[in-house]
1. Report, to the nearest 10°, how far helix 10-20 tilts away from the longest principal axis of the Cα atoms in the chain, using its own Cα long axis and a range of 0 to 90°.
2. In the chain, what % of DSSP beta bridges are antiparallel (nearest 5)?
3. Kirkwood-based Rg over Rh for the range 296-434 (C-alpha set), two decimals?
4. When only C-alpha pairs under 8 Å and at least 6 residues apart count, what is the relative contact order of the range 422-514, in percent?
5. Quick one: which residues, 5+ away or cross-chain, put their amide H under 5 Å from the amide H of Y116? H built at 1.01 Å from N.
6. For the chain, what is the accessible area per residue in Å² when the probe is 1.4 Å?
7. Quantify, in whole percent, the carbon and sulfur part of the accessible surface of the range 490-642 (1.4 Å probe; protein heavy atoms only).
8. Mind checking the full-extension length gain between E628 and K139? Use 0.36 nm per residue of separation minus the Cα-Cα distance, one decimal, nm.
Amino acid sequence: MYQHVEGLTMSQAFYRSVELYPDRVAQLFNANLYGGDSNGIITWKGVANRVEQIASGLMALGLDKRQRVAIMAPNSPYWTHIDIAVINLGAVLVTIYPTLSANEAAYIANDSESEYLFVGNQDILDRILLGKDKLAGIKKVIVIDPGFKSPGDPWVISLADLMEMGRSTLATHKAEYEARWRSNTLDDWATILYTSGTTGAGKGVILSHWCMASRMDGALEYFIHAGHPLTNEDRVLSFLPLSHIFDRACSQWAAIYLGASIAYADSPATLINDLSLYNPTWFSCVPRLYEKIYMQFQQQLMASPLKKKLFDWALGVGYQVLAYRTDEKGRIDMRPECDIKSRLPFGLQIRYAIADQLFAKVRALFGSRFRFSFSASAGIAPELLKFFYVMGLPVLEGYGLTETCSACTYNPMFGAKPGTIGPEANRSKARVAEDGELEIYGAGNFLGYLNQPEETAAAFTPDGWFRTGDLVEVDEDGYYRIVDRKKAIICLDTGKNVAPLKLESRFATSLAVEQIFPVGDEKPYISALIVPSFNYFMDLFDKQGVSYDRSKIKMANINGANICVEVGKDFVSQPLLQMMVAEAVAEANQSLEEFETIKQYEIITRRFTEENGELTPTQKPKKRVILENYKDTIEGLYRRHK
């Protein structure tokens with residue numbers, strides 16, 4: 001029998017898990033990254049001790065209910081401790097992406113009226129200190145890194161210093177702390193998260209305890225219906241930014257409400273190693289990382305023609321078997337209890353037994369306990385999902401926004417339909433407006449945008465449904481498919497409308513194309529800016545002895561991976577690269593309507609990145625910035641045929 005948690009504040013949910021599972025493992029991590037802390041294991045009782053020390057330290061600094069505390073830090077077990085501590089005090093946690101500039105961080109801190117700021121490490125502190133004059137409202141900066149030593153500047157202290165203050169305060173004010181967390185109500189604000197701002201400045205989304213509680217209750221109940229119930233025996237791997245609602249809700253707070261354990265990846269770049277190290281049962285991921293796993297696998301196969309031939313045979317068998325998992329409406333049953341082998345003809349059973357030995361090697365990459373994973377934040381190519389399903393890996397696509405406190409539609413494991421975001425789920429209601437916009441009602445919906453009453457009013461219909469800004473289609477089974485963002489739609493001068501998302505999805509598994517930005521507003525046809533897969537072509541050129549100007553190569557550390565972000569003009573002019581990009585464009589065009597096809601494109605020498613202001617922290621393109629930066633290049637694409 002499912003035990004509902006909708007009536008529990010986030011504080012009550014935390015202490016419920018502490019009381020039920022005090023000595024069970026709550027957090028696992030690489031102790032070497034944190035000064036050997038606890039050998040990389042903290043129990044729920046241990047988490048509670050740290051939360052209480054941090055909370056009491058903040059009380060000693062004077063933090064009151066409803067005041068705001070900001071955090072600008074990469075994922076760590078301490079991020080979770082701070083999240084719980086601030087919320088337990090009845091204060092409001094404001095999240096800032098650790099990659100943002102000092103100006104962007106100052107905008108969020110000031111707009112939210114934050115009074116205290118946690119930063120992850122010395123690098124982020126240095127960035128903040130450059131803009132100190134813009135942070136007049138911040139009373140204290142607390143550096144999380146266990147190796148950080150307080151510099152003597154009273155404005156900056158270490159987390160260790162704060163916890164020491166907390167231990168002293170707890171000795172005399174334990175009852176005050178208890179009263180604070182017990183006085184929290186479901187209506188109280190819990191957190192403010194800022195949207196990415198693809199078309200302008202981000203907006204502060206206000207979520208209450210009810211938003212999280214109703215979403216968790218709806219999701220945990222829906223997961224039972226969907227075919228993959230979660231319990232305290234499960235373990236999640238956290239590696240997407242906790243600054244964003246996706247991992248914070250679907251990983252961290254889901255685990256807190258359940259009493260499950262959270263493993264923290266060393267970095268997003270170490271995902272594959274961390275999966276086999278921590279053996280999570282579930283994790284949250286974005287399509288780009290699934291694409292990278294697929295493409296790395298393909299590159300390895302291409303290095304051995306014999307292995308590729310054998311695996312192609314196995315894939316053919318796997319797709320035949322997948323048909324037996326698929327019903328007449330295109331829904332695929334990926335539940336482990338789905339007895340697929342008994343449905344197969346004898347000959348196919350034998351071939352599948354052989355093929356599955358190869359698939360087992362791919363499944364092993366996801367760890368020994370893997371049950372399922374979420375995919376969200378952007379659309380994932382249907383053929384990529386089917387590839388993972390053939391391997392026996394349930395990757396389940398859903399949809400949600402910061403404003404809906406994560407997923408409000410979701411593909412159930414008993415009936416996943418690639419190419420859709422699933423039916424309404426997790427106690428949300430969905431409907432389609434007359435203009436095709438998806439509207440959401442019910443669990444999780446936010447309270448409003450901070451300091452923006454007009455934007456808040458515009459975000460809701462007169463009868464209280466949230467306008468998501470996404471255009472959708474819905475099929476006869478109630479499964480929704482994203483067309484694109486309303487503001488992203490390209491309007492050709494012919495009157496035709498083109499969804500960039502549809503074009504971009506055609507390159508999801510391309511080895512040659514890393515990024516593509518379609519353009520064409522008020523133009524006669526679609527053109528595109530194309531960023532080739534620089535790292536792939538560097539390896540290919542080196543293997544084939546193709547020379548290029550290495551002095552023009554620029555590398556950068558992005559999420560822990562060494563990525564090429566810029567090359568010379570000679571690099572993108574290489575005939576091999578030009579040919580492979582042309583083939584990728586031609587292949588994509590074959591599955592598009594004539595007016596959607598890419599007629600002209602420019603292969604550019606620089607990757608779109610967050611650092612150059614062309615991507616949001618969630619890796620979505622900033623249309624306005626890219627159009628401005630490449631204005632002359634884009635105009636040139638349309639002068640070619642005048």
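The values are calculated or read from the model by the stated rules, or taken from the named source; none is laboratory data. Predicted model, so just to flag it, every value in this text is computed and none were measured. As a convention, Cβ positions derive from the backbone with ideal geometry for all residues, glycine included, and neighbour counts pool all protein chains shown. Quick note on the areas: whole protein, heavy atoms, side chains included, nothing else; ligands and nucleic acids left out. Shrake-Rupley method; radii C 1.70, N 1.55, O 1.52, S 1.80 Å.
1. Its long axis makes an angle of about 80 degrees.
2. Details: 47 of 87 bridges.
Antiparallel bridges make up about 55 percent of those DSSP assigns within the chain.
3. On the way: Rg = 16.7 Å, Rh = 16.4 Å.
Answer for the range 296-434: 1.02.
4. Working: 119 pairs, mean separation 20.2, N = 93.
Answer for the range 422-514 is 22 percent.
5. A70, K139
6. On the way: 26500 Å² over 642 residues.
Accessible area per residue: 41 Å².
7. Details: 3620 of 7470 Å².
On the range 490-642, the fraction of accessible area on carbon and sulfur atoms equals 48 percent.
8. On the way: separation 489, 0.36 × 489 = 176.04 nm, distance 3.79 nm.
This chain segment gains 172.2 nm when fully extended.
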